[in-house]
Structure formats: C-alpha cells, structure tokens
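Read through the structure below, which is laid out as structure tokens, and then see the notes.
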Amino acid sequence: MEYAAPETTKAAVSLLAKAKGSAYVLAGGSDLLVRMRGGFVEPDLVVDIKRIKAMREVKKTASGYTIGAAVSCAELGENKALAKAWPGVVEAANLIGSKQIQGRCTMAGNMCNASPAADSVPALVAAGAKAVIQGPKGKRLVPVEQVAIGPGKTSLKKGELVEALALPARKPRSGDAYLRFIPRTEMDIAVVSAGVNVTIDAKGVITEARVALGAVAPTVLLVAAAAKAIIGTKLDDAALEKLGEAASAACRPIDDKRGTVEFRVKVAAVLAKRAAKIAYKRAGGK
Ligand SMILES: Cc1cc2nc3c(=O)[nH]c(=O)nc-3n(C[C@H](O)[C@H](O)[C@H](O)COP(=O)(O)OP(=O)(O)OC[C@H]3O[C@@H](n4cnc5c(N)ncnc54)[C@H](O)[C@@H]3O)c2cc1C
C-alpha cells in the first residue's frame, strides 16, 4: 500500500487519477481506518487530504459558506458564526461519535462513506448544500443528495474527490434542525433521522422548506411532498400532520436488529414534525 499526503487539490486529483488498483481518500479516517483494520478494504493507495490548506478552511462568501473537506466536525462546532447560521448542520456534525471521533471526522467523509444513516447528510440535504467535486476533468457542483447512490457507493468518478461542501447564503427568517433516534444517548448509529430547513415571511408563513430523512432508504431522502405540506402554512397542527404523513409515505426502510420497518416509518413522522417545529422556531416563527 502506498500513502501520499499532497499539499494541493491538483496533486491529490492527479494521484487518484493515475492510481492503479484501489485508491481511497483519507480525511479523518474514522470510517476508512476501521474498514482497513477490519480487512474489508485493502487500498493500493491512500491519499491523505489533511495537508491541503484549502481543504482545512471554513470560508464565508457572498454565496454562503464553503467548508473544506478536511475540516473536522469539532472545528465546525467551534465556529460560532457557522453554528449561528446553520445550527442544524452543525448540530448534526456534532452528534457524530464522541468528542474523540469529532476531533478527526469530517462531514465530507461522512457523506462519501455513503451510509444511509450518516448523521450530517440529512442536515446538509435539508440545507440545500452542494458538494464541490474536483477531478481530472475539472470542478463540478453536485447536490449532496446525489452524492450517495446506494449504501457505500457514491457517484464520484475515478480521480475525483470532494474538495468542499458549499452551504447557500442564509436567507433572513430561516432556521434548520436535525434530530435522530438512537436507543442509547450517544455513540450509536441513527435508526431514523430527520433534517428540516425552513424560511418564513414577516407573518410567520413558511415560504420555503426542505425535509430530508436518514436511515429509511438506501440513501438519504429529500422528501419534496413533506416540504410541500408545510409551505404556505404557519406550521399549524394540520400542516404538521400532513408533513408526518408525507414523511412516513416516503420511507423504504429495511428491517434490522436496530429497528423494524413499522417502527422506522412511524418514527420518521415523529422526528420530521419535531425537527420542523425547532427549525420554524429558529426562523423566528411563533
Ligand atoms: C466509534 C465511532 C462512532 C461513530 N459514530 C458515528 C455517528 O454517530 N454518526 C455517523 O454518521 N457516523 C459515525 N461514525 C462513522 C464516521 O465517524 C463518520 O462517517 C465520519 O464523518 C467519517 O468522516 P472521516 O473524515 O473520518 O472519513 P474517512 O474515514 O476519512 O473517509 C470515509 C470514506 O469517505 C471517503 N472520503 C473521505 N473524504 C473524502 C473526500 N474529500 N473526497 C472523496 N472521498 C472521501 C474515504 O475514502 C472513505 O471511503 C462513527 C465511527 C466510529 C469509529
């Protein structure tokens, strides 16, 4: 196995593009190293991105925030401006594992690991985040919900890596939230999760919404029908009920030792409603 720690994105892309055999990007390593130790993957090449300066920064721009792919989840939690603008996204990143894991892990790694239960992904999808992908053919922007295409599989092509995650500029009167169900208080994988992002007008009417669900399908779901159920409302009980129904209807979960289909379908509605209430309140709704 070869290990490389390039200092530019261009060099990382070139290494990945030229690699013979299997090549993996190493960010925090909290998934990759576990899989290597378990013998599930045997990379021929590991490209460590943590020495790439541009990937270690969180930048605020006119079009929003750009979060470098090697920024740890702990660093995100310490970024007060980001946490104020996107509390749901930061909350989700800070639910991953433990303090130790958060000191290493990244949201880009969480997304590229492509687990349907990845905690930061529903929050990113609800936020309308895009992955900034660099590859041999240049740069492309891909909505986060299109990066994972199945458990453990991504739409990244040979030689491509995620350079950053781009969050849109925050509109006034907006709020987001992320909730997950786990049977323990921490250090567990989401059995069901929900991310909601809303914008309201001066009267408290929801003008824009995005609802995403995790761990209820092979990939994180963006549920347009759930968003539609609350747009144009003040999140009254009838709207919440419709939101819950749409969330449950979108679920295509598996039965496993952590949760049955029936349980996941029911809890998806509960979490979507609760997350919507938090997001609405954060947007200034009463
Ligand atoms: C004890 C423990 C607890 C955990 N708890 C949680 C939890 O509560 N919630 C949760 O969602 N996850 C959890 N995880 C899983 C893991 O910590 C997260 O998925 C984490 O966000 C992965 O980020 P990373 O930077 O460590 O990724 P890495 O392990 O470095 O990479 C993960 C995968 O993504 C690829 N990759 C990484 N960065 C890029 C990039 N920039 N471009 C292209 N491909 C890339 C890698 O090649 C690899 O295949 C836990 C893991 C452990 C060990």
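The values are calculated or read from the model by the stated rules, or taken from the named source; none is laboratory data. Note that the structure is a prediction, hence the values are computed from the model and not measured. Note that we place each Cβ from the backbone using ideal geometry, even for glycine, and neighbour counts take in every protein chain shown. The area values use the complete protein model at the heavy-atom level, side chains included, leaving out ligands, DNA and RNA. Shrake-Rupley method; radii C 1.70, N 1.55, O 1.52, S 1.80 Å.
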Worksheet item: Rounded to the nearest whole Å³, what is the per residue volume of the convex hull around the Cα atoms of region 157-286?
Response: 135 Å³
Item to complete: Measure off, as a whole percent, the carbon and sulfur share of the 1.4 Å-probe accessible area of the chain, all protein chains present.
Response: 55 percent
Worksheet item: Of the cross-linked pairs LYS242/LYS277; LYS53/LYS171; LYS60/LYS277; LYS99/LYS273; LYS157/LYS266; LYS59/LYS84, which ones have a Cα-Cα span greater than 25 Å in the structure shown?
Response: LYS53/LYS171; LYS60/LYS277; LYS99/LYS273; LYS157/LYS266
Practice prompt. Give me the Kirkwood hydrodynamic radius of the chain, using the inverse of the mean 1/r over all pairs of distinct Cα atoms, in Å to one decimal.
Written response: 19.0 Å
Worksheet entry | Computed over region 211-286, Kirkwood Rh from alpha-carbon pairs, angstrom | 12.5 Å
Worksheet entry | Relative contact order for region 8-133, counting Cα pairs under 8 Å that sit 6 or more residues apart, in percent | 21 percent
Worksheet item: Solvent-accessible area per residue for the chain at a 1.4 Å probe radius, Å²?
Response: 48 Å²
Worksheet item: Taking the highest mean first, how do the peptides 266-276, 139-149, 38-48 order by number of other beta carbon atoms within 10 angstrom per residue?
Response: 266-276, 139-149, 38-48
Item to complete: Compute the distance in nm between two label points, each set 7 Å from the Cα along the Cα-to-Cβ direction, one at SER63 and one at TYR3.
Response: 3.6 nm
Worksheet, complete the sentence: In terms of the alpha carbon gyration tensor, root eigenvalues a ≥ b ≥ c, rounded if a/c is under 1.5 and otherwise prolate when a/b exceeds b/c or oblate, region 1-53 is oblate
Practice prompt. Using only the alpha carbon atoms of region 1-100, find the Kirkwood hydrodynamic radius as the inverse mean reciprocal pair distance, in angstroms to one decimal.
Written response: 15.0 Å
Worksheet entry | Shape parameters for region 245-286, alpha-carbon atoms, Rg then Dmax in Å | 12.8, 39
Practice prompt. With just the Cα atoms of region 115-164, tell me how far they stretch along each of the three principal axes, in Å, largest first.
Written response: 30, 22, 13
Worksheet entry | Two-site FRET efficiency, LYS53 against GLU186, from Cβ-Cβ distance with R₀ of 41 Å, rounded to 0.05 | 0.80
Worksheet, complete the sentence: Mean projected area (nm²) from the convex hull of Cα positions in region 92-208 is 8.5 nm²
